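Participant: Let me give you the structure first, and then I'll get to my questions.
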Amino acid sequence: MENLKYPIGEYKPQEAYSKLMIDEQIKSIKCLPESLKNKVQGLLKRDELLQYRDGGWNIKQLVHHIGESHTNAYIRIKLALTEDNPTIKPYDENLWINTKENEILDMDVSLNLIEAIHSKMATLLESLTQTEMERTYFHPQYQKTSKIRDLVSLYSWHGKHHLAHIQLALNSKSI
């Protein structure tokens, strides 16, 4: 079950990140929209409803979730850059994924959102100095202060994590 829930392993933050590591993570963020489009392009509507595990989200929900989650990540970066250790607003991703527009709208809407937000996020991240990467925000749900560099690492992993979920769902079609 853990292999289905965390197909690339659970996220493990590091104490320190080299410039090379951060650059690779930003590259991963920058490439996610194309990787995602390639993975879901041409799916039949019924295939969008494939799940990677019982009780897990379907492909369409995963795509909408990535758009919502990564939009929040971009906003958190902007807040950390423009305020002193701002407190961010947590949200319940399970409630968000079940709002009506995610059922009604095609995945293309979120694919376009992901492409736009990743373009802005990657461009912004590539422009940051080492000092700016150390700027922080506070997450009240976890009672934790995080740095922008930590967010870069988390969302690089997050994109790969859900791409792996989509691949598992697609593999289940042939079982």
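We did not get these values from a lab; they are worked out from the coordinates using the rules stated. Not measured: the values here are computed from a predicted model. Using ideal geometry, Cβ is built from the backbone for each residue, glycine included, and neighbour counts are taken over all protein chains shown.
Participant: In whole angstrom, how far apart do the alpha carbon centroids of the stretch 57-81 and the stretch 148-173 sit?
Facilitator: 12
Participant: If each DSSP helix of 4+ residues adds -39,500 (n - 2.57) and the sum is divided by the residues in the chain, what number results at 222 nm, nearest 500 deg cm²/dmol?
Facilitator: For the chain, the value works out to -20000 deg cm²/dmol.
Participant: About the Cα centre of the stretch 18-172, how large is the charge dipole given +1 on each Lys and Arg Cβ and -1 on each Asp and Glu Cβ? Please answer in debye to the nearest 20.
Facilitator: Approximately 200 debye in magnitude.
Participant: Radius of gyration and Dmax for the stretch 81-175's Cα atoms, expressed in Å?
Facilitator: Just the Cα atoms of the stretch 81-175 yield Rg and Dmax of 16.4, 51 Å.
Participant: In degrees, nearest 10, range 0 to 90: what is the angle between the Cα axis of helix 19-40 and the longest Cα principal axis of the chain?
Facilitator: With both axes taken from Cα atoms, the answer is about 20 degrees.
Participant: Same structure again: Find the eigenvalues of the gyration tensor of the Cα atoms of the stretch 110-154, then list the square roots of 5 times those eigenvalues as equivalent ellipsoid semi-axes, largest first, in whole angstrom. Write down the numbers at each step before the final one.
Facilitator: Numbers: eigenvalues 95, 51, 8 Å².
One finds semi-axes of 22, 16, 6 Å for the stretch 110-154.
Participant: Is there a quick way to get the dipole size of the stretch 83-175? I mean about its Cα centre, with the Cβ of Lys and Arg at +1 and of Asp and Glu at -1; what is the value in debye to the nearest 20?
Facilitator: Using Cβ point charges on Lys, Arg, Asp and Glu, the stretch 83-175 gives about 300 debye.
Participant: On to the next question. Please list, in order along the stretch 126-133, the HN-Hα scalar couplings obtained from phi with the Karplus expression 6.51 cos²θ - 1.76 cosθ + 1.60 (θ = phi - 60°), rounded to whole Hz, x for Gly and Pro.
Facilitator: In residue order, the calculated couplings are 5, 8, 6, 7, 4, 5, 5, 5 Hz.
Participant: Relative contact order of the chain, please, whole-number percent, based on alpha carbon pairs below 8 angstrom and at least 6 residues apart.
Facilitator: Averaging sequence separation for qualifying contacts and normalising by length gives 40 percent for the chain.
Participant: Which of the peptides 78-88, 110-120 is most tightly packed, and how do the rest follow, going by the mean number of other Cβ atoms within 10 Å of each residue?
Facilitator: Per-residue Cβ counts within 10 Å, averaged per peptide and sorted highest first, yield 110-120, 78-88.
Participant: Using a Cα-Cα cut-off of under 28 Å, which lysines could be cross-linked to Lys89, ignoring same-chain neighbours fewer than 8 residues away?
Facilitator: Excluding near neighbours in sequence, the set is Lys5, Lys12, Lys27, Lys30, Lys60, Lys78, Lys100, Lys120, Lys144, Lys147, Lys160.
Participant: I would also like to ask the following. So, R0 is 30 Å and r is the distance between the beta-carbons of Arg53 and Thr129; what FRET efficiency does that work out to, to 0.05?
Facilitator: 0.15
Participant: Measure nothing but the geometry: give the 0 to 90° angle between the long axis through the Cα atoms of 148-172 and the longest principal axis through the Cα atoms of the chain, rounded to 10°.
Facilitator: 10
Participant: Given +1 on the Cβ of Lys and Arg, -1 on the Cβ of Asp and Glu, and no further charges, what dipole in debye does the stretch 13-79 carry about its Cα centre, rounded to the nearest 20?
Facilitator: 200
Participant: From the residues Gln41, Thr131, Gly159, which one has its Cα farthest along the dipole of the chain in the positive direction, the dipole being from +1 and -1 charges on Cβ of Lys/Arg and Asp/Glu about the Cα centre?
Facilitator: Comparing the listed Cα positions along the dipole, Gln41 ranks first.
Participant: Follow-up. Compute the distance in nm between two label points, each set 7 Å from the Cα along the Cα-to-Cβ direction, one at Ser18 and one at Phe138.
Facilitator: Spacing of the two 7 Å Cα→Cβ label points: 3.5 nm.
Participant: Here's a follow-up. Whole-Hz Karplus ³J(HN,Hα) for the stretch 44-54, in order, using 6.51 cos²θ - 1.76 cosθ + 1.60 and θ = phi - 60°, x for Gly and Pro?
Facilitator: Here the 3J(HN,Hα) series is 6, 3, 5, 6, 4, 8, 5, 10, 7, 6, 4 Hz.
Participant: Scattering from the C-alpha atoms of the chain alone, worked out with Debye: what is log10 I(q)/I(0) at q = 0.16 1/Å?
Facilitator: Taken in order of the listed q values, log10 I(q)/I(0) reads -0.99.
Participant: Sorted by packing (mean other beta-carbon atoms within 10 Å per residue), highest first, where do 63-69, 24-30, 139-145 land? Present the calculation step by step, with values, prior to reporting the outcome.
Facilitator: On the way: 63-69: 23.3, 24-30: 18.3, 139-145: 10.6.
Descending packing order for the listed peptides: 63-69, 24-30, 139-145.
Participant: Give the residues of the stretch 102-122 whose amide nitrogen is closer than 17 Å to a point set 7 Å from the Cα of Lys37 in the direction of its Cβ.
Facilitator: It comes to 106-122, nothing else.
Participant: Follow-up. Can you give me the C-alpha center-to-center distance between the stretch 110-138 and the stretch 12-55, rounded to a whole angstrom?
Facilitator: Spelled out, the Cα-based centre of one part sits 15 Å from the other.
Participant: For the Cα atoms of the chain, what angle does the longest principal axis make with the long axis of helix 59-82, in degrees from 0 to 90, nearest 10?
Facilitator: Once rounded, the angle reads 10 degrees.
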